[in-house]
1. Being within 19 Å of residue A:80 (Cα to Cα) and either buried (at least 24 other Cβ atoms within 10 Å of the Cβ) or touching a residue at least 24 places away in the same chain (Cβ under 8 Å) (or both) narrows it down to one residue among B:404, B:450, B:419, B:427; which is it?
2. Would you check which residues across the range B:249-273 are part of a strand (DSSP E or B) and surrounded by fewer than 24 Cβ atoms within 10 Å (Cβ to Cβ) and list them?
3. Scan the range B:170-192 residue by residue and report those that are surrounded by fewer than 21 Cβ atoms within 10 Å (Cβ to Cβ) and touching a residue at least 60 places away in the same chain (Cβ under 8 Å).
4. Inside the range A:203-221, can you point out the residues that are outside any strand (DSSP E or B) and touching a strand residue (DSSP E or B) at 6+ places or on another chain (Cβ under 8 Å)?
5. Within the range A:8-21, take every residue that is farther than 11 Å from residue A:48 by Cβ and in contact (Cβ under 8 Å) with a residue 12 or more places away in the chain and give me the one that is surrounded by the fewest Cβ atoms within 10 Å (Cβ to Cβ).
6. Just to be sure I understand, how many residues within the range B:15-25 are modelled with pLDDT under 90 and surrounded by fewer than 19 Cβ atoms within 10 Å (Cβ to Cβ)?
7. Which of the residues spanning the range B:325-338 are within 9 Å of another protein chain (Cβ to nearest Cβ) and either touching a residue at least 40 places away in the same chain (Cβ under 8 Å) or surrounded by 23 or more Cβ atoms within 10 Å (Cβ to Cβ) (or both)?
8. Suppose we filter A:103, A:107 for residues that are more than 8 Å from chain B (Cβ to nearest Cβ) and crowded, with 23+ Cβ neighbours inside 10 Å; which single one remains?
């Protein structure tokens, strides 16, 4: 029988190291902590990054555990289960805000709409469960990107500009995502279509892992103030709904 | 100003929920607890009434805490409950005399068969609007008298109280052994087979027939009126309504006009159509039932088509077959295939309810071939609910002389988008989900809120109703007809499985 594979042992040690600390670690720190050559450590980290077990912060170059690793085992959440558990809160959000509500999860580089509640005004509307939204131009997508639930794989020709407000510059988008992480919610103001806006917040499952996003959307003049900023009252409603669903899913701290 | 809410307690078959609603009928807080299901023998289903009362004691404070409210902010309590489930308890100790016998329980089948022979369905239909069935409470009381020593004697001495779940909870909420109110409402009482459907009073002939002494029975009050104040849990808060869960859902969907109908998809599913103040006797296997009675206004009636096994088929698929780990995953599994692969499941676990009323039917899976996967079975599970609804809608249309224009749906299964689309497809009418899916709880809250003046009138309630989702028919008519025929052929194969002497054999080996 063959002996243990050294590179797998080293990969395991790197994962343990990243899991132990609360902050991101740079390549030098990882290599010196484990007594590895920088080149060796870098090779392993790149491989781990490839399978999604490790993520690298684009601005600092530091490493942390990846979302795919957190998905291992218990965290997988069926989208129909997510809808079922969200039903009451999505209804309540639509009732209180007067706007249409959608839930999204990532699917192959886009946002899959898994639940849709009509705007409560009895106008003719069509269910769009099952449709796909762009990650970088929807509030649901931006939230999923910000919390590492979805990853963006921009095409050669760059991100598509749906309007002149769409964030297509990677630096600009990353700054927006960092702000979403900081605030705990995200918005899209005329970034997908002129005249429309949306607000979304993350839904967390066990251990705080973001499993989806819930948001409302409607005419920009109803969602935002005259300076184009989302109305704080609506933001609070979205965040309340997201927290209520997260509690329902077993997230304790949110 | 401090916000005030109406509290509903929905005592359901698998769980009890406490929900707070605000003035606009919006859900603001929920607490829920499941209770244990006892299956001591094939066909028997029981609940522990004490466990249910303990659950209520836990979820009421939880629901208040969810929105940071105290009892003073509760304008009224409304109760909705699983119907026909029978509990007897000791008037002096408050202890249930054995477990509650649940509506799904079929132990009374031999008695019911005998009643259908003699005096026959007409005798009962004339008086209580219901054909003899294992579904209703009176045969259960008779069964308990025949099987529990001294029970009948103690009942005649006035030592025992009977109730469905609303009576049990109201009695406990209003003081229990210490002067608790022993009351029921027409929607619940009319499902015992002991109430005259025209006068809505206990029918002496029926009481006599089943040998039920009057002191056992609760006083029948309106569905919405201030019954009295709670003394336990929420001291001083008025209890303003009691409605059977299905009638509560009809009320919560604001089906206040004749011809308006809803179907609630839960453990079982129940389609009710408002028929106004006219009592419509069904010729197509539906039940004539009380929709609601508000204060001293005229009684409003409904036609009802109950389907015994819908959501519980999904639960069976999850718990007994283990093919999915949560109920919503049935949709995920069903979507792995394009169609049912020719497979149909008729879930006649305890016979068939509307429109067949055949206690000799048992479940079948037909069309099995080596091609069938668990995905096809999952689809057949969901389709069983859709086709059962179609059969009830056909009967409702025939009896009422109206054609259903759209179906308002509610209940947990409405989160299943595939099922909702199937419904629109097989019914060929739009299927509409209201903004508040918890219509059972909402209906109880609405009735209680009306009783105490929290809401001024029913028109205000109607304006609270909004469409949250809609599914439109999208099925080739020929395929619809073909599938419907296949379903009916599958149903035929479920009939007559239980032989007349099977029940006797089971009884002999049982006790």
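The values are calculated or read from the model by the stated rules, or taken from the named source; none is laboratory data. Quantities reported herein were computed from a predicted structural model and do not represent experimental measurements. Please note: Cβ atoms are built from the backbone with ideal geometry, for glycine as well, and neighbour counts cover all protein chains shown.
1. Working: B:404 fails: within 19 Å of residue A:80 (Cα to Cα); B:450 fails: within 19 Å of residue A:80 (Cα to Cα); B:427 fails: within 19 Å of residue A:80 (Cα to Cα).
From the options B:404, B:450, B:419, B:427, the qualifying one is B:419.
2. Of the range B:249-273, the ones part of a strand (DSSP E or B) are B:261-265, B:269-273.
Of everything in the range B:249-273, nothing turns out to be part of a strand (DSSP E or B) and surrounded by fewer than 24 Cβ atoms within 10 Å (Cβ to Cβ).
3. B:174, B:176, B:177
4. The initial filter retains those residues of the range A:203-221 that are outside any strand (DSSP E or B), namely A:205-209, A:220-221.
Matches in the range A:203-221: A:205, A:220.
5. Top of the filtered list is A:19.
6. The first filter runs over the range B:15-25 and keeps only residues modelled with pLDDT under 90, leaving B:24-25.
Subsequent filtering for residues that are surrounded by fewer than 19 Cβ atoms within 10 Å (Cβ to Cβ) retains B:24.
So the count comes out to 1.
7. Taking the range B:325-338 as the starting set, the residues that turn out to be within 9 Å of another protein chain (Cβ to nearest Cβ) are B:325-332, B:335.
Hits for the range B:325-338 are B:327, B:328, B:330, B:331, B:335.
8. Working: A:107 fails: crowded, with 23+ Cβ neighbours inside 10 Å.
None of the others qualify; the one that does is A:103.
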